[in-house]
1. Which condition breaks for residue 152 when tested against (1) surrounded by 18 or more Cβ atoms within 10 Å (Cβ to Cβ); (2) out of contact with any Leu (no Cβ under 7 Å at 6 or more places or on another chain)?
2. What number of residues in the stretch 191-209 are small (Gly, Ala, Ser) and more than 14 Å from residue 153 (Cβ to Cβ)?
3. Only residues that are under 18 Å from the mean Cα position of the chain (by Cα) and either farther than 17 Å from residue 223 by Cβ or among the β-branched types (Val, Ile, Thr) (or both): list them for the stretch 98-135, please.
4. Of all the residues that make up the stretch 166-211, how many are among the charged types (D, E, K, R), surrounded by 14 or more Cβ atoms within 10 Å (Cβ to Cβ) and not in a strand (DSSP E or B)?
5. Pick from 119, 113: which is touching a Gly at 6+ places or on another chain (Cβ under 9 Å) and under 20 Å from residue 236 (Cβ atoms)?
6. Checking residue 143 against (1) assigned to a loop (DSSP other than H, G, I, E, B); (2) free of Cβ contacts under 8 Å to residues at least 40 places away in the same chain, which single condition isn't satisfied?
7. Might you let me know whether the stretch 139-149 holds any residue that is farther than 23 Å from residue 105 by Cβ and of a type outside the set (A, V, I, L, M)?
8. Could you check residue 228 against (1) modelled with pLDDT of 90 or more; (2) under 28 Å from the mean Cα position of the chain (by Cα) and say which number it fails?
Amino acid sequence: MLDYLTYLNFLKKPLENPIIYVKKTVYTKSADFRFLPHLLANYKSVTEKLDSYEENRRSLIELQVTLDELKNENDSLRKQLGSPLPPDYLFIPARVIAWSRYLELDIGFKDGVREGMAVVEGRTLIGSVNKAADFRSRVLLLTDEDIAVPAITDRGTRGIVSGRFNKTVLFDQVLQKDPLFIDDLLLTSGEANYPPNLIIGKISHIQSDDAAVYKQATVESEADIPLFKKVFVVERT
């Protein structure tokens with residue numbers, strides 16, 4: 001009766017907000033529990049979908065990597081086909097798998113690779129094969145002391161290219177009387193199993209002694225080895 005006459009309203013109002021909060025919390029938690037059986041029933045389906053999504057994501061990444069590799073190979077082949085080498089030379093494509101003193105390739109004797117074959121990228125000479133196993137080969141670089149490449153400048157001066165300390169490329173055995181200048185372009189002369197007119201580099205420094213028979217020059221190589229992923233072994237038919 002007192003409540004009906006609203007005499008107790010002053011007591012109820014302070015309690016309304018806590019009561020509403022408690023009811024809301026209880027309802028929310030009970031709703032979560034009501035949803036739990038449905039969640040458990042679909043757990044396997046959800047995990048399978050997540051696994052499928054992850055597998056598809058990995059497949060897409062692998063596909064993108066493959067497409068990038070194919071594009072790089074296509075670019076390399078286009079560049080090589082545009083190289084102005086004689087038609088009696090064939091190109092055997094190879095991937096670079098390691099680089100230290102030597103360059104290691106993923107092709108070998110079974111692919112037609114033989115010791116002494118030149119290795120190029122485009123029109124640039126990288127070195128020559130000095131060892132071939134069945135499925136791998138090793139390339140002697142222009143910086144190696146064991147390499148000897150007959151070369152000629154764009155002025156017609158001849159000499160031998162070899163390496164020093166695996167860092168420097170030298171143009172050696174150049175007659176004192178023959179003209180040689182900074183920035184002269186150095187090419188292969190077409191001897192000793194090397195195709196002609198492959199680019200070796202440019203003359204960057206000249207050491208000359210009038211009393212000596214020969215003079216020597218340092219060469220700035222055109223071969224940027226760390227950037228090479230694909231190269232070509234040259235076979236003469």
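The values are calculated or read from the model by the stated rules, or taken from the named source; none is laboratory data. All values reported here derive from a predicted model rather than from experimental measurement. All Cβ positions, glycine included, derive from the backbone under ideal geometry; neighbour counts span all protein chains shown.
1. Checking residue 152 against (1) surrounded by 18 or more Cβ atoms within 10 Å (Cβ to Cβ); (2) out of contact with any Leu (no Cβ under 7 Å at 6 or more places or on another chain), the one that fails is (2).
2. 2
3. 106, 107, 119, 120, 124, 126
4. 2
5. Going through 119, 113 in turn, the sole match is 119.
6. The single condition residue 143 does not satisfy is (2).
7. For the stretch 139-149, residues farther than 23 Å from residue 105 by Cβ and of a type outside the set (A, V, I, L, M): absent.
8. Residue 228 satisfies all of (1) modelled with pLDDT of 90 or more; (2) under 28 Å from the mean Cα position of the chain (by Cα) except (1).
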